[in-house]
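In what follows, a single structure is set out as structure tokens and then discussed.
The values are calculated or read from the model by the stated rules, or taken from the named source; none is laboratory data. Note that the structure is predicted; figures quoted are calculated from it, not measured. All Cβ positions, glycine included, derive from the backbone under ideal geometry; neighbour counts span all protein chains shown.
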Amino acid sequence: MAVGTIQPYAPAHDLVTLKEARRLFEQTGHPVSDSTIRRWDVKLTKISGVVVASWSDLLVAHGVWVTAAIP
């Protein structure tokens, strides 16, 4: 059985800024604001003064958020 390693940081190619995330979510038809993204349980990191997050984590959180809004 292989043992997986824990990665405490998202790979650099997976990081997006909040502005990029907002633009991508607008294309889904379910736009969100910066404040909504900040409320999600997603690790946000500041790199050179710019807030970034893992796109994979944001997609999961967005899916949960959209699903919760559907009656």
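Could you look through segment 1-12, keep only residues that are exposed (fewer than 14 other Cβ atoms within 10 Å of the Cβ) and of a type in the set (Gly, Ala, Ser), and pick out the one that is modelled with the lowest pLDDT?
The selected residue is ALA2.
Pick from segment 23-71 the residues that are under 13 Å from the mean Cα position of the chain (by Cα) and among the polar types (S, T, N, Q): which of them is nearest to HIS13 (Cα to Cα)?
The residue in question is SER54.
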